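Can you keep this structure in mind? I'll have questions shortly.
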Amino acid sequence: MDSDKNKNLLEKQLKAVGKKVRVDILKRLSSSQVPLTYSALQKDILGNNSNSINLSFHLNTLKNSDLIENREDGYSLTVLGRQILRNILSIEQILNVQNKSIMIRTSKYSKEPFDLGKIEEYLVKEGNMEVYQAKQIAQEVEERLSKTRIEYLTAPLMREYINGILLENGLEKVRHRLTRLGTPPFEVSQYFKNTNLNPDLFIKKLGSDISEQYLLLNLLPNKLADLYLSGEIYLLHLNYWSLRPLSLSLDTSTILQFIANKTNASGNFETSFNFIRLILEFSNLLKTFKPFFSEDLLLGNFDHLLKILNENPGFTNKHYLIILSELLYFNSTYTDERSHITINLNNANTYFFNEIYNHLNEELYPTYPNFMIGYSDSKSRTEESLMPLFKLGIPQKLGFFNATESKLMNSTLNYINHPFNHDTTTNNIILDKILINLYTIALESHHNDDVFLELVQEKVNEIFQFFSFKKELIGKKLHNSKPWNRLLTSFFTNGGKDWIQNTIKSISFFGLNEAIKLQCGIEIDRIDKSEKFALEILTLIKDIISEKNLNENESYFLNQPHDGAYLYQNGKIYSYYQEKESPAYSMDLIRKESKLSLEKRLTLFKKFESLLNGGSIFNHYIDLNHKNLKEDLEKIINSKISAFSIKLN
């Protein structure tokens, strides 16, 4: 009898929910937090077709089956009604999965039906999840999709859907591992519309974005990545940061000797083969270094090559242009309109520069090499070697270093310390240069000097962490690279397993003047208090670096910020300044607008120079019609600073 009674009850309940409108009523009541009146149900269920269905009849049927109840405040589900509805939804889900096939457009440009197994595999393989947990998440994804009206999804949308469910389940680390790299469509559209980006640059830009995202999302710890994203620490060449060193320094004589050994010329180039072939061999060899640095290749002692060419009977001054054209071609392969070669000449070769400036092409000028030229502290030698260069016009790409100290620098102002006056030569690798944003520290310290210095110490230690990751990442990337290992063996005496440990590691800063003005209320060059605190900051950084080097046998150096348009264009720095027209970054230790005399500026600069053991340069700004250049040069050279440049205002 009980069996028959249950069958009758089941039949009654099935009849009660056998109409779509009644199931809709149950769903609507289930979704409401409060009872619903007749008029509210009529509006929600029937909409504008209130006369098409006898809603009262269907409500009474559900009420008689004990699925809903009606009180003074309206209709609501009974306990039985909620249980029956839950089973109805389960049946609907089964039927949806059975009859519906969501199509997925994959990243390989094909369409495939939704596959639960692939979701599980994706979560285990890329998200590093346990199998049982991956199955749970995959089933939840399937259940939720079955309740939607979605018929078509792209793979990126499916990943976003999965990521949302992961976040809801508190699986943030898994979601982070699954974050896909790529450029948002809006940014791609902006690149596409940019007429200054040729097709090669367009493709390179998209690839660079992915490399940068991979570094920040997957390779660096979140804390370090956030330091870059917030603008507190600046990394150069972010797209190549984990892939290769910043710069290389090569003595030209080692390159020429390598060519001589390769061609069996025994170093006697002027009689062994045509000088044009020498230039081409030299140029081709430079290209083998190109994949292994991001900023520049410093060619020290370039006079050696010019001397060999000058001694060739068929060589004329016009052939200097062949050298220049090869250097320009080398730079043009970077497609960023910047120079990636710095040429060192121990003495100014007036004929060489005369040909360069006589054939100066303004369109190609950004890719002209940077030049570092040695000078003597002798007054007569100065007039003889430097002044003719300035008669050609103020050469913006020239820097001058004190040849007696042999403190040669590259474009990022790192001392290389080539022993030019000795029989041996040393080639060097600059691993990186990482900069601290001192202005953000000033914002955070709120005029408290002790807090400022504590934050500086914290940032320097965080830079050490950056370098630890860079050493590890580049070591893994280049360890099995045959081309790189051949170059190490042939050109770097410190090559081998410990080559990374022996690289130059540069720590620098920017926003010094802006930070001091905010912290002390007035610029460095205007009051002793500001000058003293600026020197205290740099002394602290230098002391921390010295201790690190001593304890760990390391090679960290503190150097001056270098000129780089990428910092102005970056956008992160501007947000820290109240006025957007304010310069976000300056390489100058003494601000360009300073009213100090040249002598006083040089005296102040030498105080900074004594702390910047990694490299510094004094920039002297003049107008185009400046009348006292010769006298200014004498004052600069007599000050015995390590390096200087002359720039137009």
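What's the total number of residues in the stretch 31-46 that are at pLDDT 85 or above and either acidic (D, E) or closer than 15 Å to I68 by Cα (or both)?
Number of matching residues: 6.
Would you check if there is a residue in the stretch 460-478 being surrounded by fewer than 19 Cβ atoms within 10 Å (Cβ to Cβ) and either on the phi > 0 side of the Ramachandran plot or part of a loop (DSSP other than H, G, I, E, B) (or both)?
For the stretch 460-478, residues surrounded by fewer than 19 Cβ atoms within 10 Å (Cβ to Cβ) and either on the phi > 0 side of the Ramachandran plot or part of a loop (DSSP other than H, G, I, E, B) (or both): absent.
Here's a follow-up. I'd like the residue in the stretch 609-638 that is farther than 19 Å from N410 by Cα and touching a residue at least 40 places away in the same chain (Cβ under 8 Å) and, out of all such residues, is surrounded by the fewest Cβ atoms within 10 Å (Cβ to Cβ).
L624
Only helices (runs of 4 or more DSSP H) wholly contained in the stretch 137-196 count here; list those with 1 or more residues that are among the polar types (S, T, N, Q) and modelled with pLDDT of 80 or more.
Working: elements: 155-168, 172-177, 185-193.
Passing ranges, in order: 155-168.
Might you check whether a residue that is modelled with pLDDT of 90 or more and surrounded by fewer than 19 Cβ atoms within 10 Å (Cβ to Cβ) occurs anywhere in the stretch 258-267?
Step one: filter the stretch 258-267 for residues modelled with pLDDT of 90 or more, giving 258.
Next, only the ones that are surrounded by fewer than 19 Cβ atoms within 10 Å (Cβ to Cβ) stay: 258.
Scanning the stretch 258-267 turns up at least one residue that is modelled with pLDDT of 90 or more and surrounded by fewer than 19 Cβ atoms within 10 Å (Cβ to Cβ).
Let me ask another. Test Q83 against the stated conditions and say whether it is free of Cβ contacts under 8 Å to residues at least 12 places away in the same chain, closer than 27 Å to L145 by Cα and outside any helix (DSSP H, G or I). Before you say what the answer is, go through the steps one by one.
Values: free of Cβ contacts under 8 Å to residues at least 12 places away in the same chain: yes; closer than 27 Å to L145 by Cα: yes; outside any helix (DSSP H, G or I): no.
Answer is no for this residue.
Being surrounded by fewer than 17 Cβ atoms within 10 Å (Cβ to Cβ) and under 12 Å from G81 (Cα atoms) is true for just one of K63, K15, K43, K20. Which residue is that?
Working: K15 fails: under 12 Å from G81 (Cα atoms); K43 fails: under 12 Å from G81 (Cα atoms); K20 fails: under 12 Å from G81 (Cα atoms).
From the options K63, K15, K43, K20, the qualifying one is K63.
Answer yes or no as to whether E523 is among the charged types (D, E, K, R) and in contact with a helix residue (DSSP H, G or I) (Cβ under 7 Å, 6 or more places away or on another chain). Before the answer, list the steps.
Numbers: among the charged types (D, E, K, R): yes; in contact with a helix residue (DSSP H, G or I) (Cβ under 7 Å, 6 or more places away or on another chain): yes.
Answer is yes for this residue.
For the stretch 510-549, enumerate the residues that are assigned to a helix (DSSP H, G or I) and touching a Gly at 6+ places or on another chain (Cβ under 9 Å). Give the derivation first.
Keep residues of the stretch 510-549 that are assigned to a helix (DSSP H, G or I), which gives 512-520, 524-526, 528-549.
Matches in the stretch 510-549: K529, S530, I545.
Which of (1) modelled with pLDDT of 90 or more; (2) closer than 30 Å to P156 by Cα is the odd one out, the single condition T78 does not satisfy?
(2)
Could you grab me the full set of residues in the stretch 438-459 that are free of Cβ contacts under 8 Å to residues at least 60 places away in the same chain and either in a helix (DSSP H, G or I) or touching a helix residue (DSSP H, G or I) at 6+ places or on another chain (Cβ under 6 Å) (or both)?
Initial filter on the stretch 438-459 (free of Cβ contacts under 8 Å to residues at least 60 places away in the same chain): 444, 446, 448, 450-451, 454-455, 458.
Residues satisfying the conditions are E444, D450, V451, E454, L455, E458.
Would you call I507 surrounded by 19 or more Cβ atoms within 10 Å (Cβ to Cβ), aliphatic (A, V, I, L, M) and either in a helix (DSSP H, G or I) or outside the structural domain of K459 (by TED's automatic domain parsing) (or both)? If you could, list the steps in order and put the result at the bottom.
Details: surrounded by 19 or more Cβ atoms within 10 Å (Cβ to Cβ): yes; aliphatic (A, V, I, L, M): yes; either in a helix (DSSP H, G or I) or outside the structural domain of K459 (by TED's automatic domain parsing) (or both): no.
For I507, the condition - surrounded by 19 or more Cβ atoms within 10 Å (Cβ to Cβ), aliphatic (A, V, I, L, M) and either in a helix (DSSP H, G or I) or outside the structural domain of K459 (by TED's automatic domain parsing) (or both) - is not met.
Which count do you get for residues in the stretch 587-608 that are surrounded by fewer than 15 Cβ atoms within 10 Å (Cβ to Cβ) and of a type in the set (G, A, S)?
Here the count works out to 1.
Suppose we filter the stretch 479-502 for residues that are in a loop (DSSP other than H, G, I, E, B) and farther than 21 Å from S253 by Cα; how many remain? Spell out the reasoning first.
Taking the stretch 479-502 as the starting set, the residues that turn out to be in a loop (DSSP other than H, G, I, E, B) are 479-481, 492-502.
When the remaining residues are screened for being farther than 21 Å from S253 by Cα, the result is 479-481, 496-502.
Selection size over the stretch 479-502: 10.
The values are calculated or read from the model by the stated rules, or taken from the named source; none is laboratory data. Because the structure is predicted, anything quoted here is derived from the model rather than measured. Cβ atoms come from the backbone with ideal geometry, glycine included; neighbour counts cover every protein chain shown.
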